Amino acid sequence: MNNEQRTPGMTIHCQEIVELITDYLEGVLDPDLTADVEAHLQLCDGCDIYVEQIRATIRALGKVPVATLSEEARAELVRAFRDMRGPTAPA
């Protein structure tokens, strides 16, 4: 593998940051992937702002226990997450 392919911050793309944000903020990514995410955040203002917005949201809202959500709210959240993922093949 040449150095260009392993340039810190360039081995991961913005969409991957979005997909990994929860695991990153919870500190459960492996050390190499964490380093790649952090290097990317140093290079990409858009992703850095996104991560800071998520951190601010977590600080403002804290945690919402799932048991306190109504069935309607739970269904709406599941629908929203499915819509974010786009169409999937039928099971």
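The values are calculated or read from the model by the stated rules, or taken from the named source; none is laboratory data. Just so we're clear, the structure is a prediction, and the values are computed from it rather than from any experiment. We place every Cβ from the backbone using ideal geometry, glycine too, and count neighbours over all the protein chains shown.
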Exercise. Being closer than 23 Å to residue 62 by Cα, at pLDDT 90 or above and part of a helix (DSSP H, G or I), is that true of even one residue in region 1-16?
Worked result: no
Problem set entry | Cβ pairs under 6 Å, 6+ apart, first in region 18-31 and surrounded by 12 or more Cβ atoms within 10 Å (Cβ to Cβ), second not hydrophobic (A, V, I, L, M, F, W, C) | 29/23
For this session: Would you be able to tell me the number of residues in region 42-84 that are of a type in the set (Lys, Arg) and touching a Cys at 6+ places or on another chain (Cβ under 8 Å)?
Result: 0
